[in-house]
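The values are calculated or read from the model by the stated rules, or taken from the named source; none is laboratory data. All figures in this text were calculated on a predicted structure; none of them were measured in a lab. We place every Cβ from the backbone using ideal geometry, glycine too, and count neighbours over all the protein chains shown. Accessible surface is based on the protein model in full, side chains and every heavy atom, while ligands, DNA and RNA are left aside. Shrake-Rupley method; radii C 1.70, N 1.55, O 1.52, S 1.80 Å.
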Amino acid sequence: MGLGPRSPHKVGRRFPAGGKRGRGAKGSGRPLPGSKRQPWPPPDRRSEPPSDSHPHLSPEALGYFRRALSALKEAPETGEERDLMVHNIMKEVETQALALSTNRTGSEMLQELLGFSPLKPLCRVWAALRSNLRTVACHRCGVHVLQSALLQLPRLLGSAAEEEEEQEGEDGKDGPTETLEELVLGLAAEVCDDFLFYCGDTHGSFVVRTLLQVLGGTILESERARPRGFQSSEAQKASARECKPADFEVPETFLNRLQDLTSSFLKDIAVFITDKISSFCLQVALQVLHHKLPEFCAYLCNAVIGYLSTRSSSVDGSPLLLFLRDQTSSRLLEQVLLVLEPPRLQSLFEEHLQGQLQTLAAHPIANFPLQRLLDAVTTPELLSPVFEELSPVLEAVLAQGHPGVVIALVGACRRVGACQAKVLQLLLEAFHCAEPSSRQVACVPLFATLMAYEVYYGLMEEEGAVPAEHQVEMAAARALGDVTVLGSLLLQHLLHFSTPGLVLRSLGALTGPQLLVLAQSPAGSHVLDAILTSPSVTRKQRRRVLQNLKGQYVALACSRHGSRVLDAIWSGAALGARKEIAAELGEQNQQLIRDPFGHHVARNVALTTFLKRREAWEQQQGAVAKRRRALNSILED
């Protein structure tokens, strides 16, 4: 690809790190759909009844539950004593379920207790809350309890069938109890009856979103990774127990009810597209349906696109362009783009977006849906026109502070396996290291920090002047700049290109201290992971880059992120390389043992055995290498 003339505005370019439309996230400058929202509802929205209308939880009761929870954590994990303890505690919970749910401290403890509860005690607590569903669901503390109860289903549905047989025998002793399936379907029916209210309420919408996932048997990654508001570290551990499986089997009745809720979206589609709170529920529904009922997902997507396409026309094209620039509807359209099937995505592009991508890339809001479009590209037929339209403006997009668009385009080239050489050349030009060719060896620091050549090295170049040759001594003397998340993602994509030779040569040109800074960086350490895992990087190329870390192994081992990189290097190293690493680490054995990260590395390397019984260590490592080779041959077959 030929090099174009250097325009005057390119000199001394520092590329902004990204947009400000939300918390930073992978490749976008804001969170991915599903993880981008405030994780738990704030304590100040409309439907919560006055606090004095809730049952009061006495200090004595609060103290009892605190002591009970503490005793439960200290009890053995199995045994009759623990079972009896759980049973007794849950009986007390049942009598004060509403008071616990609407008390800040009490709700935290109740969430933890639900993580320990067997099936039937949880059903009884759920039944006790059901008569006050609206109160609990729309309360800033109660909503967490309902969510936690719903998230127990992956754990408890398997035991439901086993306990059903025992149900009749115990009904006389404890009173009749609805089954877990009946309770969930009852909750879904009540939510369906007042669907618009629950979806539009700040707190209630969280119940709807969790309910949609449970009915679909899919706990989304955003839900599994979500921190619990107000929860202690122990509560967060309990929540991790709640949602281990991402997918789980659900009765057919759950999927039928999920279809009913999907129909409820269609009745008020305008509200779910334009209302910020309600829109979140529709976004989650699209993700769940995409996994479990793709035909319904396609139907819902077509309804959204059809509605937006009939609104007032945009002066510069499809009505859809107006909604791509809107803060609320653009987020919904992002999710639509991610779940559309490739043929429908192709037609959507051709009918509504073709010829408008440069405008969208420059817009402070519309650039995010454009990133999702690029994330969804899986065919050369779609990548080709998209690349042709965006390729002339990559530097301008970077200068406008939208690097997520460029990273998403590079990711599409990696995924489809097309336009890779072209996009790399365009990146070199955008970062001012294409010409003279000696500058190309400096591309890794520039990509990692998202800085143009002149800015990174502090050069003052006159407008229109011939670019200076790269000075190796100057580059070696400069410490590596701060690695950005998006810069790291860019390098990871490039290392997975079919021919990553240029990037590997630039990495090989880094000095040991510079490579150490990269490996110790939270974002930069993933670049080293890409070197170790990319199928495009040969063993010889990998060794050539990593040899610059010799003399830096102790510093790596004593770093939070560097120690993880060193563990990964060790896992793939041959016996000779392991000897070199262990010998260097052994010189500072005491320092490693005292370091919070280093002592884990020392144990992994079996450093004590290496220093005291070298022959036994070599036999041990040889056996490990033999097992690894056998496993690799099995996997290759």
For this session: Within segment 177-197, identify whether any single residue is in contact with a Ser or Thr (Cβ under 8 Å, 6 or more places away or on another chain), in a helix (DSSP H, G or I) and modelled with pLDDT under 65, and answer yes or no.
Result: no
Seminar exercise, completed: When every residue in segment 314-341 that is part of a loop (DSSP other than H, G, I, E, B) and over 28 Å from the mean Cα position of the chain (by Cα) is compared, the one modelled with the highest pLDDT is 319
Exercise. Applying the selection to segment 242-284, what residues are more than 22 Å from the chain's Cα centre (by Cα), closer than 18 Å to residue 214 by Cα and hydrophobic (A, V, I, L, M, F, W, C)?
Worked result: 250, 254, 255, 258, 261, 265
For this session: Identify, from the list 289, 255, the residue that is open to solvent by 10 Å² or more (accessible area, probe 1.4 Å), aliphatic (A, V, I, L, M) and assigned to a helix (DSSP H, G or I).
Result: 255
Exercise. Would segment 519-536 turn up any residue that is over 31 Å from the mean Cα position of the chain (by Cα) and farther than 30 Å from residue 583 by Cα?
Worked result: no
Exercise. What number of residues within segment 487-515 satisfy the criterion of being out of contact with any Phe, Trp or Tyr (no Cβ under 6 Å at 6 or more places or on another chain) and under 14 Å from residue 448 (Cα atoms)?
Worked result: 13
Exercise. Has segment 389-410 got at least one residue that is in contact (Cβ under 8 Å) with a residue 12 or more places away in the chain and touching a strand residue (DSSP E or B) at 6+ places or on another chain (Cβ under 8 Å)?
Worked result: no
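Collect the residues in segment 369-382 that are surrounded by 18 or more Cβ atoms within 10 Å (Cβ to Cβ) and either among the acidic types (Asp, Glu) or on the phi > 0 side of the Ramachandran plot (or both), keeping them in residue-number order. Even if it seems obvious, please write down each step before you answer.
Of all residues in segment 369-382, those surrounded by 18 or more Cβ atoms within 10 Å (Cβ to Cβ) come to 369-377, 382.
Correct list: 375 only.
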Exercise. Looking at this structure, is residue 557 surrounded by 16 or more Cβ atoms within 10 Å (Cβ to Cβ), under 30 Å from residue 417 (Cβ atoms), modelled with pLDDT of 95 or more and not β-branched (Val, Ile, Thr)?
Worked result: no
Seminar exercise, completed: residue 385 passes all but one of the listed conditions (1) open to solvent by less than 10 Å² (accessible area, probe 1.4 Å); (2) touching a residue at least 24 places away in the same chain (Cβ under 8 Å); (3) part of a helix (DSSP H, G or I); the exception is number (1)
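State all residues of segment 125-138 that are surrounded by fewer than 20 Cβ atoms within 10 Å (Cβ to Cβ) and at pLDDT 90 or above; if no residue qualifies, say none.
If the condition is that a residue be surrounded by fewer than 20 Cβ atoms within 10 Å (Cβ to Cβ) and at pLDDT 90 or above, then 127, 128, 132, 133, 134, 135 are the ones that fit.
Condition check ((1) part of a loop (DSSP other than H, G, I, E, B); (2) buried (at least 21 other Cβ atoms within 10 Å of the Cβ)) across all residues:
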residue	(1), (2)
394	no, yes
397	no, yes
406	no, yes
410	no, yes
413	no, yes
421	no, no
432	yes, yes
Exercise. Quick check: is even one residue across segment 343-361 in contact with a Cys (Cβ under 9 Å, 6 or more places away or on another chain) and not hydrophobic (A, V, I, L, M, F, W, C)?
Worked result: yes
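In segment 101-139, what count of residues is obtained for those that are of a type in the set (S, T, N, Q) and in contact (Cβ under 8 Å) with a residue 60 or more places away in the chain? Explain how you work it out, then say what you get.
Here is the first cut: in segment 101-139, the ones of a type in the set (S, T, N, Q) are 101-103, 105, 107, 111, 117, 131-132, 135.
Pick out the ones that are also in contact (Cβ under 8 Å) with a residue 60 or more places away in the chain and you get 107, 111, 135.
Matching residues across segment 101-139 total 3.
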For this session: Please list, ordered by first then second residue, the pairs with beta carbon atoms under 8 Å, 6 or more apart or interchain, first in segment 279-302 and of a type in the set (Gly, Ala, Ser), second open to solvent by 60 Å² or more (accessible area, probe 1.4 Å).
Result: 298/341; 298/344
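For residue 516, state whether it is part of a helix (DSSP H, G or I) and open to solvent by 10 Å² or more (accessible area, probe 1.4 Å).
Working: part of a helix (DSSP H, G or I): yes; open to solvent by 10 Å² or more (accessible area, probe 1.4 Å): yes.
Spelling it out, residue 516 is indeed part of a helix (DSSP H, G or I) and open to solvent by 10 Å² or more (accessible area, probe 1.4 Å).
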Seminar exercise, completed: When segment 568-593 is checked residue by residue, the ones that are open to solvent by 50 Å² or more (accessible area, probe 1.4 Å), assigned to a helix (DSSP H, G or I) and among the acidic types (Asp, Glu) are 580
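Take residue 468 and tell me if it is in contact (Cβ under 8 Å) with a residue 60 or more places away in the chain, small (Gly, Ala, Ser) and outside any helix (DSSP H, G or I). I'd like the intermediate steps shown before the answer.
Numbers: in contact (Cβ under 8 Å) with a residue 60 or more places away in the chain: no; small (Gly, Ala, Ser): yes; outside any helix (DSSP H, G or I): yes.
When the stated conditions are applied, residue 468 does not pass them.
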